[in-house]
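Since every read-out is calculated from the coordinates, none of them should be taken as a lab result. Quick caveat: nothing in here was measured; it's all calculated off a predicted structure. Please note: Cβ atoms are built from the backbone with ideal geometry, for glycine as well, and neighbour counts cover all protein chains shown.
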Amino acid sequence: MAQTMTTRVTSYTLNTGMKAPALGFGTFQKPNAQEATVSMALQKVQVGKEIQRSGISQKDIFLYTKLWCNDYHPDDVESVLDNSLRDLDTIYINLLMIHYPCTFKQAMEKLTGTGKVSGIGVSNFSKGEIETLLKESSTVIDQIEVDPYLQHKSFAEWLQAKVIHGVQFSPLGNMNDFYRQTGWSKDIVQMRRVMGQLILKDIGHKYGKSPVQVVLVWGINHRRSVIPKSVVDWQIEKSLAADLELQAEDMAQVATLDAKACFNDPSLDYKWQLYRDLQGG
Ligand SMILES: NC(=O)c1ccc[n+]([C@@H]2O[C@H](COP(=O)([O-])OP(=O)(O)OC[C@H]3O[C@@H](n4cnc5c(N)ncnc54)[C@H](OP(=O)(O)O)[C@@H]3O)[C@@H](O)[C@H]2O)c1
């Protein structure tokens, strides 16, 4: 979900012709805050009915959701989508994603003919998994963890060459305490948070922006979308004000922060090796 902002890049045209915003807002961990977040993002309108009441055309809103891991039986996909539409109080969404690599994307693709969803995307797919997917199918986006500490440089270039739009989840790296609590990244999670990172602070100082804003702009300047978790009004306002273009020298400075540090890797818990061929490269 996003509203237009005044940065140089505000949206991208995807490989289906559909437009996606450069900045979106996630509501991870905060089910009760979703309404408030959407209200904030859309000047106090709420999902579904509120969108209609606001007079903002739904074509100007990019709304998406994912199938969670226990909804992966092909026979369940459409009813799970129907539940999401009901929860969101809307008749269609722009994008439906599969949360983790899995083989039944065809079941999702059938839904594009129903008018309930415009595009199908994937999340957490590595290069090899997307290559497998592309043998029989396609995808609009890959939503994956990317931040200055985990830049996935070659993978990001590869995605662009394949005209698959990159969406950065957890664009602020280890800012969310969730990662300190899960143990999914216990060896690296204590790394300095981006808001305290000296290079980012210096760059921010140059433009009159915060390190967090620099991080969001860095992603957008790479022609990706960024979706910070945003349930706090002042944070949403700050994120929307991340509207500048970094000079090449500053982009090069941020590039030096790459540590291939993945903070959200539940492979051990899930007993399935995620991001097999990525390793941050
Ligand atoms: N596809 C996937 O597998 C997957 C996995 C994880 C997350 N996601 C998506 O990515 C979104 C973001 O992920 P995330 O929460 O892990 O990481 P994040 O957005 O990078 O970081 C969130 C943390 O940053 C803080 N924050 C947000 N905006 C800020 C601002 N403008 N200034 C200062 N601090 C700010 C938040 O504060 P508060 O704690 O005060 O809110 C929170 O602590 C989620 O909402 C979800 O939609 C997707």
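Assorted remarks:
- Mean-position separation - Cα centroids, the range 232-281 and the range 105-143, in angstrom: 23 Å
- For Gln273 and Arg53, a Förster radius of 45 Å and the Cβ-Cβ distance give a FRET efficiency of 0.45, rounded to the nearest 0.05.
- Long pairs among Lys153/Lys186; Lys127/Lys186; Lys127/Lys162; Lys201/Lys260; Lys201/Lys238, criterion Cα-Cα beyond 19 Å: Lys153/Lys186; Lys127/Lys186; Lys201/Lys260
- Shape category assigned to the range 203-275 from the gyration tensor of Cα positions, a/c cut at 1.5: oblate
- Global geometry of the range 203-242, whether rounded, prolate or oblate, following the gyration tensor of its Cα atoms and the 1.5 cut on a/c: oblate
- Given charges at Cβ of Lys, Arg, Asp, Glu: the chain dipole, positive-most of Gly115, Gly196, Ile98: Gly196
- Semi-axes of the equivalent ellipsoid for the chain, Cα gyration tensor, largest first, Å: 28, 24, 18
- Dividing the alpha-carbon radius of gyration of the range 100-193 by the rule-of-thumb value 2.2 N^0.38 Å gives 1.26.
- Electrostatic dipole magnitude of the chain [Cβ: Lys, Arg +1; Asp, Glu -1; Cα centre; debye, to 20]: 400 debye
- Judged by the mean number of other Cβ atoms found within 10 Å, the most tightly packed of the peptides 119-130, 202-213 leads the ranking 119-130, 202-213.
- All-pairs Cα distance distribution in the range 130-169, expressed in whole percent, bin size 10 Å: 29, 56, 15, 1
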